[in-house]
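Asker: Sharing a structure here in structure tokens format.
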């Protein structure tokens, strides 16, 4: 009895062995009660705290919607603090550039309480449900885009160097002991465009990776690394963005949680792992799917364009690209006459000026006792005026001096200041000779240049 030869096989050849089928991911197991309660609480908190996203990121409605939501919290939070908690002190709602005001912590605490209440009600109503696959997938998508928007915003602010401008003249001549921790951080960050590009590029990279399901885990790892450093800087240099930066870090950790075991299997235990399921939370027809992809591309394009254009504008207005005013520079006081009396440069004198540092937007006046006064400044040799303002706006107290420029290196300032008539002659200092500015980059160093 002869054995039949398989079709299309050569005599003496070995039949190919079919590849082993890839095992399908195991069906999701029921969640433990603690995991279900934790998910409900996190979901409620995120949706309450970030309410209106992503609508507040869309053009034309972002500003009015953000203003309305901010106004809502500014009314509700102080009312709850006073009438429910019994907090008698005033919660300031003034915009100050700080994200760690008392009202910010109170708002976060209120969101946590509301999330606890919502999770409790949810747990009672939905107590028979054993897992939340679709809801978890939806929340991940929501957090991905929200975190991506934040990373792109902060990243482009560094790439185009509008968050940390180069140190001003008064910073360059300010004694190190007078720096605040935040001022020191802003100064060393602003000094290096390359380091801004590096850190900002990492933030942009993490944000872009979060916009796609296949790269979410990699993007989360990048963001955890970046934001861990940012949180450490904010805490240890006393930057008032501790609350918000910590939340961003926790969002990235939340996105990593489903992959922790798989990452540990690969990087720690050196064993095989199952592929992650990358299905969308909801199934749609092919037409709807392509339409949603188009909307996604438009949204990503808008995020990139709006962040890039906004920070380019900031770079040109108040960053390193902003034009220098005509009086920009450091000036030493050569002679100082007050009410007709010439005052010698005696250390400790509380009325005689020592130097003027005129930057892009403000002037720092240093007296002989090393005290400083800062003013918003305007004026030029062409207008023959120098105007010092103690704040912004029309109501700010202003002092106007007459200004003469006898030669390119000297200015003569005259006017009434602190109740006395002044006649001040100052000489411009060549700040380009400062060691910080002329040291430059060096590949070869025989000894450390640490001054």
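Asker: Simple spin-label model, 7 Å along Cα-to-Cβ: residue 397 to residue 276 in nm?
Answerer: 5.9
Asker: Note the angle between two axes, namely the Cα long axis of helix 286-317 and the longest principal axis of the Cα atoms of the chain, as a number of degrees from 0 to 90, rounded to the nearest 10.
Answerer: Taking the Cα atoms of the chain, the angle to 286-317 is about 20 degrees.
Asker: Right, another one. Sketch the reach of a paramagnetic label on residue 50 as a point 7 Å from Cα along Cα-to-Cβ, and name the residues of the range 124-154 whose backbone nitrogen lies under 20 Å away.
Answerer: Backbone N within reach: 132-154.
Asker: Using all Cα-Cα distances in the chain, what percent lands in each 20 angstrom bin from 0 up to the longest?
Answerer: Reading upward from the zero bin: 17, 41, 27, 11, 3, 1, 0.
Asker: Using only the alpha-carbon atoms, how far is helix 62-80 inclined from the longest principal axis of the chain? Give it as 0 to 90 degrees, nearest 10.
Answerer: The answer is roughly 80 degrees.
Asker: Sorted from largest down, what three extents in whole angstroms do the Cα atoms of the range 329-432 have along their principal axes?
Answerer: If we take the Cα atoms of the range 329-432, the spans are 36, 30, 25 Å.
Asker: Tell me the relative contact order for the chain as a rounded percent, counting alpha carbon contacts under 8 Å between residues six or more apart. Could you put the intermediate results ahead of the total?
Answerer: Working: 533 pairs, mean separation 50.0, N = 451.
With pairs under 8 Å counted, the relative contact order is 11 percent.
Asker: For the pair residue 98 and residue 264, what calculated FRET efficiency results from E = 1/(1 + (r/R0)^6), where r is the Cβ-Cβ distance and R0 = 45 Å, to the nearest 0.05? Kindly include the intermediate steps, with their values, before the conclusion.
Answerer: On the way: r = 39 Å, r/R0 = 0.86.
According to the calculation, E is roughly 0.70.
Asker: Counting each DSSP H run of 4 or more residues in the chain as -39500 (n - 2.57), what helix-only mean residue ellipticity at 222 nm follows after dividing by all residues, to the nearest 500 deg cm²/dmol?
Answerer: Values: 12 runs with 200 residues, N = 451.
Helices in the chain give a 222 nm mean residue ellipticity of -15000 deg cm²/dmol.
Asker: For the range 62-178, what class follows from the C-alpha gyration tensor (a ≥ b ≥ c being the square roots of its eigenvalues): rounded when a/c is under 1.5, otherwise prolate if a/b is larger than b/c, else oblate? Don't skip to the end; give the middle numbers.
Answerer: Numbers: a/c = 2.77, a/b = 1.48, b/c = 1.87.
Verdict is oblate for the range 62-178.
Asker: Would you calculate the volume per residue, in Å³, of the smallest convex hull containing every Cα atom of the range 279-380?
Answerer: That works out to 168 Å³ per residue.
Asker: Still on this structure, I have one more. Going by Cα centres, the range 27-100 and the range 344-374 are how many Å apart?
Answerer: Taking the Cα centre of each part, the range 27-100 and the range 344-374 sit 45 Å apart.
Asker: Report the label-to-label distance for residue 349 and residue 244 in nanometres (one decimal), using points 7 Å from each Cα along the Cα→Cβ vector.
Answerer: Roughly 4.5 nm, to one decimal.
Asker: Under the 0.36 nm per residue contour assumption, what length would be gained going from the current alpha-carbon distance of residue 135 and residue 342 to full extension?
Answerer: Details: separation 207, 0.36 × 207 = 74.52 nm, distance 7.73 nm.
So the extension gain works out to 66.8 nm.
Asker: Still on this structure, please answer the following. Given labels modelled 7 Å from the Cα in the Cβ direction, how far is it in nm from residue 63 to residue 215?
Answerer: 3.2
Asker: Still on this model: If you average the alpha carbon positions of the range 201-227 and of the range 416-440, how far apart do those two centres end up, in angstrom?
Answerer: 46
Asker: Moving on to the next point. What does the extension gain come out to for residue 198 and residue 79, with contour length at 0.36 nm per residue minus their alpha carbon separation? Don't skip to the end; give the middle numbers.
Answerer: On the way: separation 119, 0.36 × 119 = 42.84 nm, distance 4.39 nm.
Here the segment from residue 198 to residue 79 would lengthen by 38.4 nm.
Asker: Ranked from highest to lowest mean number of other Cβ atoms within 10 Å per residue, what is the order of the peptides 32-42, 138-148?
Answerer: 138-148, 32-42
Asker: Further, regarding this structure: Taking the 0 to 90 degree range and rounding to the nearest ten, how far is the long axis of helix 193-210 tilted relative to the main principal axis of the chain, both from C-alpha atoms?
Answerer: It is inclined by approximately 30 degrees.
Asker: Report the FRET efficiency, 1/(1 + (r/R0)^6), for residue 308 and residue 412, where r is their Cβ-Cβ distance and R0 is 35 Å, rounded to 0.05.
Answerer: Working: r = 45 Å, r/R0 = 1.29.
For residue 308 and residue 412, the calculated efficiency is 0.20.
Asker: Next question. Order of 365-378, 198-211 by packing, highest average Cβ count within 10 Å first?
Answerer: On the way: 365-378: 16.3, 198-211: 21.1.
The most tightly packed comes first, giving 198-211, 365-378.
Asker: While we're looking at this one, here's another question. Please report the equivalent ellipsoid semi-axes of the range 265-314, computed as sqrt(5 x eigenvalue) of the Cα gyration tensor, largest first, in whole Å. Before the final figure, lay out the partial values.
Answerer: Working: eigenvalues 229, 114, 6 Å².
Taking √(5λ) for each Cα gyration eigenvalue gives 34, 24, 6 Å.
Asker: Could you give the length gained by full extension between residue 322 and residue 446, i.e. 0.36 nm per residue of separation minus their alpha carbon distance, to one decimal place? Write out the running numbers ahead of the final one.
Answerer: Working: separation 124, 0.36 × 124 = 44.64 nm, distance 3.80 nm.
Computed gain between residue 322 and residue 446 is 40.8 nm.
Asker: To continue, here is another question. Applying a 10 Å radius around every beta-carbon, put 76-88, 183-195 in order of their mean neighbour count, most first. Intermediate results must be reported in sequence, preceding the final value.
Answerer: On the way: 76-88: 13.3, 183-195: 15.8.
Output ranking for 76-88, 183-195: 183-195, 76-88.
Quick note: the coordinates plus some simple rules give every number you see, no bench work behind them. Keep in mind it's a predicted model, so treat the numbers as computed, not measured. So basically every Cβ, Gly included, is an ideal-geometry build from the backbone, and we count neighbours across all protein chains shown.
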